[in-house]
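Participant: Following this message is one structure expressed as structure tokens.
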Amino acid sequence: MVKAQGLAHIVLNVSDIDASLAFYSKVIGLEVVTRDEKLKIAFMSLGEQHHDLALVQRGGSDQADPNQPGLVHFAWRVDDFPTLQAAHDELTEAGIKMEPIQHNITNSLYIKDPDGHLVELFCDRWDDGLNVLRTQGPLRKSLDIKTGEAVGDGQELLAVRDD
């Protein structure tokens, strides 16, 4: 059985990204690592990992679901890519559906819990993911879980299919 190292980050859908950025900067002390104006998404960090919190403005782009509740997903870090591959194999054998995704900073599995909450299991791709996120911004492509290589053009909608 795969065991996560700990809760790594939370992604929230917000109504006003500027107000939320100001709030989390002032109240929590988070800094903006990167922000994508087109996708209306921002990543914030306390300075030790690539991001502790990501904010997505509801309806701010065609990728942000205006009906999505406040929580987009929460993420759990695993040790390394072989551990992520083992989790994929184990969960597949148990009949649990998931979507393998490669971000510029992580290799990830997205899974819906029994209530439909989106859960991410991931391993970091870089020792200094904070700098990678600062310089490259967000990215999302499909992941070939066997090879660890990204496939596709990227920025696909993230949706774990129920079928």
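Conditions tested, residue by residue: (1) charged (D, E, K, R); (2) surrounded by 14 or more Cβ atoms within 10 Å (Cβ to Cβ); (3) touching a residue at least 12 places away in the same chain (Cβ under 8 Å); (4) closer than 19 Å to Leu55 by Cα.
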{"position": "Val72", "(1), (2), (3), (4)": "no, yes, yes, yes"}
{"position": "Trp76", "(1), (2), (3), (4)": "no, yes, yes, yes"}
{"position": "Thr83", "(1), (2), (3), (4)": "no, yes, yes, no"}
{"position": "Thr92", "(1), (2), (3), (4)": "no, no, no, no"}
{"position": "His103", "(1), (2), (3), (4)": "no, yes, yes, yes"}
{"position": "Pro114", "(1), (2), (3), (4)": "no, no, no, no"}
{"position": "Leu118", "(1), (2), (3), (4)": "no, yes, yes, yes"}
{"position": "Phe122", "(1), (2), (3), (4)": "no, yes, yes, yes"}
{"position": "Asp127", "(1), (2), (3), (4)": "yes, no, no, no"}
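Participant: Taking the condition surrounded by fewer than 18 Cβ atoms within 10 Å (Cβ to Cβ) and of a type in the set (Asp, Glu), does Asp18 pass?
Facilitator: For Asp18, the condition - surrounded by fewer than 18 Cβ atoms within 10 Å (Cβ to Cβ) and of a type in the set (Asp, Glu) - is met.
Participant: Scan the stretch 21-55 residue by residue and report those that are at pLDDT below 90 and of a type in the set (Val, Ile, Thr).
Facilitator: Matches in the stretch 21-55: Val27, Ile28.
Participant: For the stretch 65-163, which fully contained strands (runs of 3 or more DSSP E) count at least 1 residues that are at pLDDT below 85?
Facilitator: 71-77
Participant: Using beta carbons and a limit of 6 Å, which pairs, at least six apart or on different chains, have the first residue in the stretch 135-163 and over 15 Å from Thr106 (Cα atoms) and of a type in the set (Val, Ile, Thr) and the second one modelled with pLDDT of 50 or more and part of a strand (DSSP E or B)?
Facilitator: So the pair list comes out as Val160/Glu99; Val160/Tyr110; Val160/Lys112.
The values are calculated or read from the model by the stated rules, or taken from the named source; none is laboratory data. Values in this document were obtained by computation on a predicted structure and should not be read as measured data. Here the Cβ is made from the backbone with ideal geometry for all residues, glycine too, and neighbour counts use every protein chain on show.
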